[in-house]
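Enquirer: Got a structure for you, questions after.
Please treat every number below as a calculation from the coordinates, not as lab data. Remember, predicted model here, so these are calculated numbers, not experimental data. Quick reminder, even Gly has a Cβ in these numbers, built from the backbone with ideal geometry, and neighbours come from all protein chains shown.
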Amino acid sequence: MPRLHIIHFEYVSMSKTRFLPVILLATGVVGAFVLNPSADQHREKIKVVVSERSPVEGLLGLGQLTSFVSKYHSVGLASYTTVGDKTASIGAFGVVYVVD
């Protein structure tokens, strides 16, 4: 009788590990949705990066102007901003990268 109990326990632990990749993938997708950077996070990062790249542009407020005219686009798991036809920044999982 104890042998059946051990077999049953092993069966339950195997079935739980079978779903582990699905659970991890679902957690990652939900995390990407929740941590998708907002328009304000993109604009703030653009301002900071432009002023760091060129102090003169920072003094002239070009980072502020660029962030003001940028358009925010969200694709659920990630987001990006554009200025005209160019991509200004890309963001995912709470991190924003400003494109050169």
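Enquirer: Show me 24-34, 57-67 ranked by packing, highest mean number of other Cβ atoms within 10 Å first.
Expert: My ranking of the peptides, most packed first, is 57-67, 24-34.
Enquirer: A32 to V56: FRET efficiency via 1/(1 + (r/R0)^6), r the Cβ-Cβ distance, R0 41 Å, to the nearest 0.05?
Expert: That gives a FRET efficiency of 0.65.
Enquirer: Add +1 for every Lys or Arg and -1 for every Asp or Glu among the other residues with Cβ under 15 Å from the Cβ of V99, and state the total.
Expert: Taking every other residue near V99 into account, the sum is +3.
Enquirer: What is the spin-label model distance, in nm, from V83 to A39 if the labels are put 7 Å beyond Cα along the C-beta direction?
Expert: For the pair V83/A39, the computed spacing is 1.7 nm.
Enquirer: Taking the Cα centre as origin and putting +1 on Lys and Arg beta-carbons and -1 on Asp and Glu beta-carbons, what dipole magnitude results for the range 36-98, to the nearest 20 debye?
Expert: Charge dipole, the range 36-98, about its Cα centre: 60 debye, nearest 20.
Enquirer: May I ask for the distance between the Cα centers of the range 17-53 and the range 71-85, given as a whole number of Å?
Expert: Centre-to-centre (Cα) distance: 13 Å.
Enquirer: Related question: List, in order, the whole-Hz ³J(HN,Hα) value for each residue of the range 60-68 obtained from phi through the Karplus relation with A = 6.51, B = -1.76, C = 1.60 and θ = phi - 60°; use x for Gly and Pro.
Expert: 7, x, 5, x, 4, 5, 4, 5, 5
Enquirer: Additional query: With a sphere of radius 14 Å drawn around the Cβ of E57, what net charge do the other residues whose Cβ falls strictly inside it have (Lys, Arg +1; Asp, Glu -1)?
Expert: Local net charge: 0.
Enquirer: Tell me which residues come under 5 Å, amide H to amide H, from S89 once H is placed; ignore anything under 5 positions away on its chain.
Expert: T81, V99
Enquirer: For a footprinting-style exposure proxy, rank Y97, Y80 by other Cβ within 10 Å, fewest first.
Expert: The order, fewest Cβ neighbours first, is Y97, Y80.
Enquirer: On average over all directions, what projected area in square nanometres does the range 36-98 have, based on the convex hull of its Cα atoms?
Expert: If you wrap the Cα atoms of the range 36-98 in a convex hull and average its projections, you get 3.7 nm².
Enquirer: Treat each spin label as a single point 7 Å out from the Cα along the C-beta direction, and report the V69 to L24 distance in nm.
Expert: 4.6
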